[in-house]
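Enquirer: Quick one: the structure is below, and I'll ask about it shortly.
The values are calculated or read from the model by the stated rules, or taken from the named source; none is laboratory data. Treat the numbers as computed from the prediction; the structure is a model and nothing was measured. All Cβ positions, glycine included, derive from the backbone under ideal geometry; neighbour counts span all protein chains shown.
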Amino acid sequence: GLVRALADEAGVPLAAAGVGAAGVIDHETGTVRAASATFVGWAGFPLADELGRRLGVPVSVENDVNAFLLGEAAALSRTERDVLGVMLGTGVGGAVIIDGALHHGPHGAAGEIGHTPGYSELVCTCGQTGHLETLASGTSIALRYRERTGGEAADARAVAALARGGDADALAVFAAAGRAVALASASAATLLDLPTVIVGGGVASAWDLLEPAIQATLRTDSPVSGIPLRIVPAQLGSDAVALGAIETARRALAPAPPL
Ligand SMILES: [Zn+2]
């Protein structure tokens, strides 16, 4: 109903639709393979088929972090063909564009950089230890600050406000997050020759607090291959997922991506 209403509102014939959805998506069939914490019970749901039946047009479904990266990469540069995306939100998500196209992998799970190990001795939301997410998610930033200080900080935004006021513990928490993101980026760039990393999600709005540690880490831990790795903040805010979903639908109609 909502989608049909939006289509009518646009006043133009609807040719296709794209959806950016949380969870592991089978992008070939548009089925939700594994639901996420925010969409419990969606596993196995044929989202593309259901929406397509109701709208009467082809529907493409892409993982929301993949859609975010596609939207951001298209906005950043049409010539950028190899890009890592890191989404710092409630958790840490990731996505990879190789040779101009999203890389999904055989299980649709490529780019899940948030649960790569070796960044800390802390327990992750997934139950394992030391993952990037233990330092760099919004949830973790607030948790790490409370652990250090015993003080109050409801979320990463509150920790950011404290850091900008000169709070040394808040600054240290953001520095640890920035360093971990840069190390993860350097590893991915080294493996796959990805010269550009786009960092989005709510935590990236504190770029002023992340960037010093990111730049310092790039100076000491840059890819040995000499790739000129650059790590930049996302530009599109909450529009990125929608624009990436549109790009996914457009590419499904007319392959040969200009990106
Ligand atoms: Zn984990």
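Enquirer: What single numbered condition from (1) modelled with pLDDT of 95 or more; (2) among the basic types (Lys, Arg); (3) touching a strand residue (DSSP E or B) at 6+ places or on another chain (Cβ under 8 Å) fails to hold for residue 219?
Expert: (3)
Enquirer: Tell me which helices (runs of 4 or more DSSP H) are completely within the range 105-220 and hold 3 or more residues being within 21 Å of the chain's Cα centre (by Cα) and within 16 Å of the ligand (Cβ to nearest atom), or say none if there are none.
Expert: It comes to 133-136, 138-149, 168-192.
Enquirer: Which residue out of 228, 223, 195, 233 is touching a Leu at 6+ places or on another chain (Cβ under 7 Å) and surrounded by fewer than 19 Cβ atoms within 10 Å (Cβ to Cβ)?
Expert: 195
Enquirer: Kindly provide the set of residues from the range 196-251 that are within 30 Å of residue 166 (Cα to Cα) and basic (Lys, Arg), ordered by number.
Expert: Residues satisfying the conditions are 219, 230.
Enquirer: Only one of (1) surrounded by fewer than 17 Cβ atoms within 10 Å (Cβ to Cβ); (2) under 28 Å from residue 235 (Cα atoms) fails for residue 36. Which number is that?
Expert: (1)
Enquirer: Which numbered condition trips up residue 57, out of (1) exposed (fewer than 15 other Cβ atoms within 10 Å of the Cβ); (2) in a loop (DSSP other than H, G, I, E, B)?
Expert: (1)
Enquirer: Could you list, in sequence order, all residues of the range 112-140 that are touching a residue at least 60 places away in the same chain (Cβ under 8 Å) and under 20 Å from residue 36 (Cβ atoms)?
Expert: 113, 116, 136, 137, 138
Enquirer: Just checking, does the range 228-248 include any residue being assigned to a loop (DSSP other than H, G, I, E, B) and among the hydroxyl-bearing types (Ser, Thr, Tyr)?
Expert: yes
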